[in-house]
1. Tell me which residues, restricted to region 5-24, are under 24 Å from residue 182 (Cα atoms) and open to solvent by less than 50 Å² (accessible area, probe 1.4 Å).
2. Which condition from (1) closer than 22 Å to residue 39 by Cα; (2) crowded, with 21+ Cβ neighbours inside 10 Å is the one that residue 151 breaks?
3. Could you list, in sequence order, all residues of region 158-193 that are in contact with a Gly (Cβ under 9 Å, 6 or more places away or on another chain) and outside any helix (DSSP H, G or I)?
4. Find the strands (runs of 3 or more DSSP E) located wholly in region 22-74 whose residues include 1 or more that are under 14 Å from residue 105 (Cβ atoms) and under 9 Å from the mean Cα position of the chain (by Cα), and list them.
5. All but one of (1) under 23 Å from residue 26 (Cα atoms); (2) modelled with pLDDT under 95 hold for residue 101; which doesn't?
6. In region 174-205, what residues are open to solvent by 70 Å² or more (accessible area, probe 1.4 Å) and under 26 Å from the mean Cα position of the chain (by Cα)?
7. Of all residues in region 50-87, how many are of a type in the set (Ser, Thr, Tyr), farther than 24 Å from residue 178 by Cβ and modelled with pLDDT of 95 or more?
8. Given (1) open to solvent by 60 Å² or more (accessible area, probe 1.4 Å); (2) free of Cβ contacts under 8 Å to residues at least 24 places away in the same chain, where does residue 40 come up short, assuming only one miss?
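The values are calculated or read from the model by the stated rules, or taken from the named source; none is laboratory data. This structure is a prediction, so every number in the text was calculated from the model and none was measured. FYI the Cβ positions are ideal-geometry reconstructions off the backbone, even for glycines, and counts take in every protein chain you see. Remember, those area values only see protein heavy atoms, side chains included, never the ligands or the DNA or RNA. Shrake-Rupley method; radii C 1.70, N 1.55, O 1.52, S 1.80 Å.
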Amino acid sequence: MPKLSATAPVIHPNAEIVNTTFGAYCEVGQGARIANSSFDDYAYCDRFADIANTSVGKFANIAAMTRIGPTDHPMAQPAQHHFLYRSSYYWDDAADDAAFFAHRASRRTSLGADCWIGHGAIIKPEVSVGIGAVVAAGAVVTKDVSPFMIVAGVPATPIRARFTEAQQAALLAMAWWDWDHARLRAGLDDFRSLPIDTFIAKHRP
């Protein structure tokens, strides 16, 4: 595991990154492909993640082989093939369809702070995954996921909440994901060892 940096993301070999910004302590795994996206502080993705048109929240945990914000083909037209919108690949006198690509890029996916996207999961465009939510390995998420909810399956459906409603409200009010780096370090032992209610009682604003 490399030492992460407050000033530049750690980018592993063969990652492809286009039009993407990164906050502090971010990491991109080997062979990942990231386009038209943003990673807030502490967010990372593992090997061969494929992420497009996505706002990745602080502390987001994205496992290997995931597909987030996958782009769609033009299903309403007579053809769905690349020649329709990547036309310059096929003819010297045909331009690519700029409007189609602009529409694709506008369909943003959003990942909340400290969510966990499991191995091989797929999250469709224009879906929001809430703060602290868990998307199980192999799930296909087609609808918004509430904060702290665990979802699984194809299509993904809610399994259970990680915390009670009162605990969720307290964590949202606390917003530990907005703490600065020094405060996170000071609270590290509490994150590791305290039961959730004790942690909330100690750190409640």
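1. 5, 8, 9, 10, 23, 24
2. Going through (1) closer than 22 Å to residue 39 by Cα; (2) crowded, with 21+ Cβ neighbours inside 10 Å one by one, residue 151 breaks only (1).
3. Correct list: 159, 162, 163, 179.
4. Filter on region 22-74 gives 50-52, 54-56.
5. It fails just one condition, (1).
6. 178, 180, 181, 182, 183, 185, 191, 192, listed by residue number.
7. 1
8. All conditions pass for residue 40, except number (2).
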